[in-house]
Amino acid sequence: AQLLLLHGPNLNLLGTREPEVYGHATLADIDADLEARAAAAGHALESLQSNAEHVLVNRIQAARGDGTAFILINPAAFTHTSVALRDALAAVAIPFIEIHLSNPHTREPFRQHSYFSDKAVGVVCGFGADSYRYALDAALRRLPAAA
Ligand code: DQA
């Protein structure tokens, strides 16, 4: 099956961005790790990072017609602001898992509300880059076996 991994704003800076909060893995490390794990399970994973809300909205809309079976998304700061991304995910009705490197519930009050969590299959947060692995494992268990 096709899986889509989406990363929101500032995640292009992973590795150097507040490493005490977000760890030392780069976005390229995370993408390569998940692509390899998905491929080993007989699936295909495509990833996209954008700092622009409309690019992510457009990619989610396109997922409806391109065979995407599951979406993994770290909406980053858009977690706390974006009705548009929430609406796009609801519109395409593709199951998704919300991912965070940090545990937003231990942080500033404005990070404790998510526009995504109540629509997500599940939420994985607080495990650094491992959050992505755990989310991929959960998605793979919910996909039909590779053909
Ligand atoms: C984040 C948490 C968000 O609050 C923050 O705006 C981010 C990253 C995380 O992965 O921990 O950019 O989504």
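On inspection, Ala76 passes the criterion of being under 24 Å from Ala25 (Cα atoms), near the ligand (Cβ under 10 Å from one of its atoms), of a type in the set (A, V, I, L, M) and touching a Pro at 6+ places or on another chain (Cβ under 9 Å).
For segment 12-31, the set of residues classified as touching a strand residue (DSSP E or B) at 6+ places or on another chain (Cβ under 9 Å), under 26 Å from Arg141 (Cα atoms) and among the hydrophobic types (A, V, I, L, M, F, W, C) consists of Leu27, Ile30, listed by residue number. Scanning segment 47-73 for residues that are under 20 Å from Ala1 (Cβ atoms) and touching a Leu at 6+ places or on another chain (Cβ under 7 Å) gives Ser47, Leu48, Arg59, Ile60, Ala63, Thr68, Ala69, Phe70, Ile71, Leu72, Ile73.
For Val124, the conditions (1) assigned to a helix (DSSP H, G or I); (2) of a type outside the set (Lys, Arg); (3) closer than 19 Å to Glu35 by Cα are fulfilled apart from (1). Residues in segment 134-147 that are surrounded by fewer than 17 Cβ atoms within 10 Å (Cβ to Cβ) and either modelled with pLDDT of 95 or more or closer than 15 Å to His100 by Cα (or both): Tyr134, Asp137, Ala138, Arg141. Among all positions in segment 68-76, there is no residue which is of a type in the set (Phe, Trp, Tyr), surrounded by fewer than 13 Cβ atoms within 10 Å (Cβ to Cβ) and modelled with pLDDT of 95 or more. Anything in segment 80-97 that is outside any helix (DSSP H, G or I), out of contact with any Asp or Glu (no Cβ under 8 Å at 6 or more places or on another chain) and not hydrophobic (A, V, I, L, M, F, W, C)? List them, or say none. If the condition is that a residue be outside any helix (DSSP H, G or I), out of contact with any Asp or Glu (no Cβ under 8 Å at 6 or more places or on another chain) and not hydrophobic (A, V, I, L, M, F, W, C), then Thr81, Pro95 are the ones that fit. Residues in segment 43-51: is at least one outside any helix (DSSP H, G or I), among the hydroxyl-bearing types (Ser, Thr, Tyr), within 16 Å of the ligand (Cβ to nearest atom) and modelled with pLDDT under 95? Scanning segment 43-51 turns up no residue that is outside any helix (DSSP H, G or I), among the hydroxyl-bearing types (Ser, Thr, Tyr), within 16 Å of the ligand (Cβ to nearest atom) and modelled with pLDDT under 95.
Lys119 passes every criterion in (1) assigned to a helix (DSSP H, G or I); (2) away from the ligand (no atom under 15 Å from the Cβ); (3) not hydroxyl-bearing (Ser, Thr, Tyr) apart from (1). Tell me, yes or no, whether segment 122-145 has at least one residue that is within 22 Å of Asn58 (Cα to Cα), within 15 Å of the ligand (Cβ to nearest atom) and among the polar types (S, T, N, Q). No, that holds for no residue. Pro95 falls short on exactly one of the conditions (1) crowded, with 19+ Cβ neighbours inside 10 Å; (2) touching a residue at least 40 places away in the same chain (Cβ under 8 Å), and that condition is (1). The listed residues are Ala77, Ala139, Ala135, and the only one of them that is farther than 27 Å from Arg17 by Cα, in a helix (DSSP H, G or I) and touching a residue at least 12 places away in the same chain (Cβ under 8 Å) turns out to be Ala139.
Residues in segment 16-32 that are within 18 Å of the chain's Cα centre (by Cα) and polar (S, T, N, Q): Thr26 alone.
The condition (being more than 16 Å from the ligand (Cβ to nearest atom) and at pLDDT below 95) is satisfied by just one residue among Gly23, Gly65: Gly65.
The values are calculated or read from the model by the stated rules, or taken from the named source; none is laboratory data. The model shown is predicted, which means the values in this text are computed figures rather than measured ones. Quick reminder, even Gly has a Cβ in these numbers, built from the backbone with ideal geometry, and neighbours come from all protein chains shown.
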